[in-house]
Amino acid sequence: MKKTKEDSDKPFLHKIADGLLEAQQEIDDLALQLSLGKAEAKEKFEGIKKEFRNNIGEFRRLLEETPHKLITPEIKKKVQELEVQLALGKAETKEEFEEQRKKLLRSIALIEKSIKKWLKNVDFPPSIESEMEKFKLKLEIVRLKYSLKKFELRDDFKEHMRNAKMEIEKNTSKAKSKLQIGKRKYEDFADEISSAYDHLKKAVKHLG
């Protein structure tokens, strides 16, 4: 999504809070497009890989450019390895998709493990963890499209997405109120981010 000057002027927490609402909309849109046959699974897979590669590349460059070089050599190496995997060729078959998906999830798990403690010590909350959660959910939707004979949006999925949106709106309001009382570190907002994706995961489980 193209960043505007208004976006760049927002406090970092506001960007993350707004990003959670955008994630809910993106996941809903992806499921809708695939259910209507407006997009092929393999094309969407390439699209979400490219988007995620751009996001983590931006994250890496941001931390490399900070005065104190916040990114550690270990995290940098793992992020670069993930960027390489995301640039691999198109998955033409279900088997090729599964092979790439498993490798990507393993790489993401290694990065998540590496940054868990590190995130608690930074003075601003990078959005990388939220981006990884969003990517994993999109991967799951594409996997379901490959796997299910009939991919459709059932009423229970729609209901869970409505509930997810309402809960995310509540959580983003909570998160923004925390900024007003001086909370700025990632760990101050981790609960809101985790809760938002828990609701989205419940919705995705009702696809098909």
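If R0 equals 41 Å, the separation of the Cβ atoms of Ser173 and Glu95 corresponds to a calculated FRET efficiency of about 0.40. Compute the signed sum of charges (Lys and Arg +1, Asp and Glu -1) over the other residues within less than 10 Å, Cβ to Cβ, of Leu137. Taking every Cβ under 10 Å from that of Leu137, the sum is +1. Multiplying the residue separation of Glu83 and Asp29 by 0.36 nm and subtracting their alpha-carbon distance yields 17.0 nm.
Between Thr72 and Glu152, the modelled labels are 5.0 nm apart [label points 7 Å from Cα along Cα→Cβ].
Laboratory data are not the source of any read-out in this text; all were calculated from the coordinates shown. Predicted model only: the values in this text are computed from it and were never measured. A quick note on method: Cβ atoms are made from the backbone with ideal geometry, for glycine too, and the neighbour counts reach across all protein chains shown.
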